[in-house]
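S.K.: Below: one structure in structure tokens.
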Amino acid sequence: MKTKSNLERVLEAGHFAVTAEIGSPQNTEPETIRRKANLIKGYVDAFNVPDGQAAVVAMASWAACLIGMGEGLDPIVQMTCRDRNRIALQMDILGISAFGMNNILCLSGDPVSFGNQPEAKPVFDLNSTQFIKMVKVLRDEKRFENGEPISGKEPRLFIGAVANPFAEPQEHESVHPGEKVAAGADFIQTLAVYNIEKFNKWMELVRGEGLHKKVKILAGITPITSAAAARYMKTKIPNMDIPDEIIERLRKVRNREEMIEEGIKIAIETINHLREIEGIAGIHIMTLQREELIPKICSAVGLHPRP
């Protein structure tokens, strides 16, 4: 019998799910993860830890997730194809499952050119869709990628994927999640949503293909804490759609603290809009190392306490 994660149980029960990201430290201090885990405990159903985000060295996702699990939280291990071939991926999958971690988010990984060690050699033996399919085969067919059977207990993972609703053309991105769902994705976490109108159009495409009935979609939320950050994200980060009116709202604020509060207010308004969209099963909050904002946001939208 498959061991269900807390996230899977919450989504299966029809509750509006909340997941959040914890930033991984660039050192060996477990107390950093423990402190962040206890900040969000009771406010989320599961937590993610990035796996070498932006191609910068930090504590491995599986290790940070293990520490957070020790604080009573349900971990979502992020794993990228950038740094591992199919052998290493399967080895790590067996390892996290042996420790009782039951959620995985399958990613391609940011290019090494994004980071501070551009001379590193990327792997990309599999792409993210192939990776998802491999995890599903390990779980459901109880065999390795080469077809050999698993002797003993197989990894029992709730499989996650990512999607970018704002890439152009949107029609292509509506197909891309479909490929991931067909490969075996159980849930999808999207990139941060700021343009509700455009996100609505993407969800219309998703519903038109019936994907909202086949996969649980968690919409991304990232509170912007300054006008400068909003402008940078709009102009420098590919496929990041931030409406000018949001930048203008932040620009009009008088000081740093009020700007943070305005960013939280925008995030709250976005969540309230998202809860009205058919096919949205929850939210995924990414605060870029500002985990203390998560309880404020969850409380303000009535998503605390968790079921």
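Where a number appears in this text, it was derived from the coordinates with a stated rule and is not lab data. These figures come from a predicted structure and were not determined experimentally. A quick note on method: Cβ atoms are made from the backbone with ideal geometry, for glycine too, and the neighbour counts reach across all protein chains shown.
S.K.: Suppose every K and R has +1 on its Cβ and every D and E has -1 on its Cβ; what is the size of the dipole of the chain about the Cα centre, in Debye to the nearest 20?
M.R.: About 400 debye.
S.K.: Listed here are the pairs LYS216/LYS296; LYS180/LYS214; LYS201/LYS252; LYS133/LYS214; LYS180/LYS236; LYS4/LYS142; which of them are more than 19 Å apart at the Cα?
M.R.: Checking Cα-Cα distances, LYS216/LYS296; LYS201/LYS252; LYS180/LYS236 exceed 19 Å.
S.K.: If you don't mind, there's one more thing I want to ask. Collect residues whose amide H, placed 1.01 Å from N in the peptide plane, falls under 5 Å from the amide H of ASN103; neighbours closer than 5 in sequence don't count.
M.R.: VAL77, PHE158
S.K.: Using the alpha-carbon centroid of each, what span in Å lies between region 196-224 and region 79-150?
M.R.: If we compute the Cα centre of each part, the gap is 25 Å.
S.K.: Using DSSP to define loop residues, name the trypsin sites (Lys or Arg not before Pro) in region 204-248 whose beta-carbon has at most 16 other beta-carbon atoms within 10 Å.
M.R.: LYS214
S.K.: So how do VAL44, VAL301, VAL56 line up by other beta-carbon neighbours within 10 Å, fewest first?
M.R.: Lowest count first: VAL56, VAL301, VAL44.
S.K.: Also, quick follow-up: Specify the residue with the greatest mean-square fluctuation among ALA120, ALA58, ALA192, computed from a Gaussian network of the chain linking alpha-carbon atoms under 10 Å apart.
M.R.: ALA120
S.K.: At 222 nm, what helix-only mean residue ellipticity would the chain give, in deg cm²/dmol to the nearest 500, using -39500 (n - 2.57) for each DSSP H run of four or more?
M.R.: Result for the chain, helices only: -12000 deg cm²/dmol.
S.K.: How large is ³J(HN,Hα), in whole Hz, for each residue of region 128-136 in order, when computed from phi with the Karplus curve 6.51 cos²θ - 1.76 cosθ + 1.60 and θ = phi - 60°, using x for Gly and Pro?
M.R.: 5, 5, 5, 4, 4, 4, 5, 5, 4
S.K.: Multiplying the sequence separation of GLU261 and ARG143 by 0.36 nm and subtracting their Cα-Cα distance, what value in nm do you get?
M.R.: 37.5 nm
S.K.: Going by amide H atoms built from the backbone, whose H comes under 5 Å of the H on ASP110, apart from near neighbours?
M.R.: ALA54, ALA55
S.K.: Pop out the ³J(HN,Hα) list for region 273-289 in order, Karplus 6.51 cos²θ - 1.76 cosθ + 1.60 with θ = phi - 60°, rounded to Hz; leave Gly and Pro as x.
M.R.: Karplus values, whole Hz, x for Gly and Pro: 5, 4, 5, 8, 8, 4, x, 8, 9, x, 10, 10, 9, 10, 9, 6, 6.
S.K.: What list of ³J(HN,Hα) values in whole Hz, one per residue of region 258-272 in order, does the Karplus curve 6.51 cos²θ - 1.76 cosθ + 1.60 (θ = phi - 60°) give from phi, with Gly and Pro shown as x?
M.R.: Taking θ as phi minus 60°, the curve returns 5, 5, 4, 5, 5, x, 5, 4, 4, 4, 5, 4, 5, 4, 4 Hz for region 258-272.
S.K.: Given that just one value was derived from the coordinates, which of (1) 162; (2) 133; (3) 146 is volume of the Cα convex hull per residue in Å³?
M.R.: Derived directly from the coordinates: (2).
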